[in-house]
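Below is one structure, written out as structure tokens; comments come after it.
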Amino acid sequence: MLLQMLAADDVPAPLQEAARQLVHQLTGQQLLLNTDRTAPFAQVTLFLPFVGADGEQTAAVHIESRRGRKGELDAANCRLWFDLQMKSLGLIMLDVQVLDKKVMLKVYTEAEMTGQFLESREEEVQEALQAAGYQLVSLKSGLLPSVEPETMGGNEPGSPFSYTPTIYKGVDYRV
């Protein structure tokens, strides 16, 4: 339908531009999801098209998983990394490790209070995971690492450089 909308002459220009952007977004998703099916592990980056009022992306999900017999992702053994830019709660990073349907959840936040709030909801998270067939092993929170933006080349909160480790210095061994 989007391609038909792009080909139509009677569609207003702003609507055609929105359709073009959606087609590009979907094409990019397809390219990212097309991984080597023979590899034992799969790494998938999924950008969710949640866009805030300012036009910025608000969520991304990175998935690392074993492959099943038919090449499918193994939901019982995987690692998920959620990068959420929430309006009220700020930047939240979730590191979800799943091993044999046992879940270890680590929440990184900008404000300590947000992490404490999420930890106080551990029982609710545990019940929700049990309803989905998973068992919560641990739920911990911590602050996002602080980085000097000028050393990383970016100073916008939520940019990839804002939570990347500091620049590596030194040598591993001498000859």
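The values are calculated or read from the model by the stated rules, or taken from the named source; none is laboratory data. On a predicted model such as this, the values are computed, not experimentally measured, just so you know. Reconstructed Cβ throughout: ideal geometry from the backbone, glycine too, with neighbour counts over all protein chains shown. Areas reflect the complete protein model, heavy atoms only, side chains present, ligands, DNA and RNA absent. Shrake-Rupley method; radii C 1.70, N 1.55, O 1.52, S 1.80 Å.
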message = Scan the stretch 93-102 and tell me whether some residue there is at pLDDT 65 or above, assigned to a strand (DSSP E or B) and exposed (fewer than 14 other Cβ atoms within 10 Å of the Cβ).
response = yes
task = Hey, could you check the stretch 52-84 for residues that are touching an Asp or Glu at 6+ places or on another chain (Cβ under 8 Å) and open to solvent by 80 Å² or more (accessible area, probe 1.4 Å) and say which is modelled with the lowest pLDDT?
result = 66
inquiry  = Conditions first: (1) open to solvent by 80 Å² or more (accessible area, probe 1.4 Å); (2) within 20 Å of residue 142 (Cβ to Cβ). Residue 87 passes all but one, so which condition is the exception?
reply    = (2)
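Which members of the stretch 103-147 meet the condition of being acidic (Asp, Glu) and open to solvent by less than 80 Å² (accessible area, probe 1.4 Å)? Reasoning before the result, please.
Pass one, the stretch 103-147, residues acidic (Asp, Glu): 110, 112, 119, 122-124, 127.
Scanning the stretch 103-147 gives 119, 122.
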